[in-house]
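Have a look at the structure below before the remarks.
The values are calculated or read from the model by the stated rules, or taken from the named source; none is laboratory data. Owing to the predicted nature of the structure, the values given are computational and were not obtained by experimental measurement. Here the Cβ positions follow ideal geometry from the backbone for every residue, glycine too, while neighbour counts run over all protein chains shown. Areas reflect the complete protein model, heavy atoms only, side chains present, ligands, DNA and RNA absent. Shrake-Rupley method; radii C 1.70, N 1.55, O 1.52, S 1.80 Å.
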Amino acid sequence: MDLFEKAARFARADLLKQAGLYPYFRAIEESEGGRRVRIGGRTIVMAGSNNYLGLTHDPRVLEAAREAVSRYGAGCTGSRFLNGTLALHEQLEERLARFLGQEACITSGTGFQTNVGAISALASSREDLIFGDRDNHASIIDGCRLSFAKQLKYRHNDMDDLGRLLRETPVSEGGSRLVVTDGVFSMLGDLAPLQRMLPLAHEHGARVMVDDAHALGVLGARGRGTAEHLGVHDQVDLISGTFSKSMACLGGFVAGPRVVVDLIKHTSRSVIFSASMTPASVATVLACLDIVEREPARRERLWANVRRMKQGFQEMGLEVIDGGSPILSVVVGEEQPTLEFNNLLFAHGVFVNPVIPPAVPQGMCLLRTSYMATHTDEDLDAILAGFKKVGERLRVLR
């Protein structure tokens with residue numbers, strides 16, 4: 001079959017558009033503090049962003065980005081390995097390693113690149129074994145695919161299944177074991193059971209890498225992530241993450257023992273063959289770290305907003321999945337009513353994210369909502385009002 005003919009046969013997007021249900025690639029024309037956005041000339045309340053701490057428009061963050069651009073320019077035009085390392089990169093890595101209680105850290109251009117490069121660099125031989133959650137993020141899955149390691153998947157958050165695989169799969173001579181998991185799973189917002197996973201993995205000679213993309217700055221007494229929140233921060237071997245959520249920009253990192261980070265630094269394709277983080281992004285993360293460390297009240301406001309929204313959804317009769325993160329998933333069930341619910345919400349001025357198979361199992365389609373520390377009571381009331389109107393119209397309220 002001709003390659004372009006194969007592309008022409010892809011009709012799913014066109015069918016959704018013809019049915020008036022297509023919910024993707026909506027262009028934002030303007031953003032009012034991240035809480036409200038302008039789309040198609042209308043102002044919409046944003047309840048689908050990962051801007052958990054609301055820092056994308058903080059004046060201190062914007063000023064830090066402007067100063068970095070003035071000093072270093074718009075970009076580095078090279079990889080960290082060659083001409084793309086700024087003193088600012090090293091400052092961020094030292095600061096982030098200290099914040100996370102790790103020896104060292106290395107950054108990459110995006111969170112996706114970070115996982116792809118780090119996992120394939122660490123599990124680089126055919127004797128290596130990688131144990132991964134079936135619901136892991138696509139960047140982890142692709143990192144596993146690009147490694148030479150044998151991959152074994154355990155049922156989502158099922159430590160009995162992980163234990164079985166660890167016991168039944170011997171490692172070859174010269175091989176190593178790596179368990180990789182999201183800290184917060186991005187669709188349902190549930191947490192990895194690190195209290196059981198870490199001792200289980202270590203008992204069987206495996207190291208554990210936690211992708212804390214949705215937890216950095218949000219979970220834990222100091223905002224250090226899932227492991228701190230669960231009281232096992234000192235047991236985690238490697239922490240990866242992205243700056244595209246609470247840190248308000250773009251980029252990613254891996255933090256851990258210095259010898260491990262040094263290996264990744266010199267063998268990760270994402271580090272060596274991709275341009276480094278822009279000066280503006282590095283300065284943005286440094287400014288966000290200042291705020292995370294100095295303003296715990298911002299996290300408190302975020303959690304107050306999450307509790308209020310969960311209560312509001314439940315009181316109106318919606319089924320809500322609360323996994324312990326700023327993500328609340330409203331279960332609708334089948335695909336078509338989920339997309340209809342989403343489009344009607346949008347018509348009522350509320351932006352959320354519909355999640356359909358394969359991201360969730362059949363019959364478990366949902367509307368993923370997420371909240372910010374900067375959402376006002378007025379914003380939250382508008383979101384609840386939209387859900388109530390559409391829920392009554394579609395008769396999904398219990």
Quickly work out the Q311-to-V171 label distance, labels modelled 7 Å from Cα along the C-beta direction, and quote it in nm with one decimal. 4.8
Which of P357, P193, P23 fluctuates most in a GNM of the chain (C-alpha springs under 10 Å)? That residue is P357
Quote the FRET efficiency, to the nearest 0.05, computed for D142 versus R9 with a Förster distance R0 of 22 Å and r equal to the Cβ-Cβ distance. 0.35
Solvent exposure of region 1-142 as accessible area per residue, Å², 1.4 Å probe: 52
Lysines whose Cα lies under 29 Å from that of K310, excluding same-chain neighbours fewer than 8 positions away: K245, K388, K389
Packing-based order for 226-234, 386-394, using average beta carbon neighbours within 10 Å, highest first: 226-234, 386-394
For the residue pair S125 and E29, what label-to-label distance in nm results when each label sits 7 Å from Cα along the Cα-to-beta-carbon direction? 5.9
Let me check the size of the chain from its C-alpha atoms; what are the radius of gyration and Dmax in Å? 21.5, 63
In region 199-292, which chymotrypsin sites (Phe, Trp or Tyr not before Pro) fall in coil by DSSP and have 15 or fewer other Cβ atoms within 10 Å? F273
Mean-position separation - Cα centroids, region 99-173 and region 37-80, in angstrom: 31
In degrees between 0 and 90, to the nearest 10, how far off the longest principal axis of the chain does helix 296-315 point, with axes built from Cα atoms? 50
Computed over region 201-284, protein heavy atoms only, probe 1.4 angstrom, the accessible area per residue in square angstrom equals 35
At a 1.4 Å probe, what is the % contribution of carbon and sulfur to the accessible area of region 68-127? 49
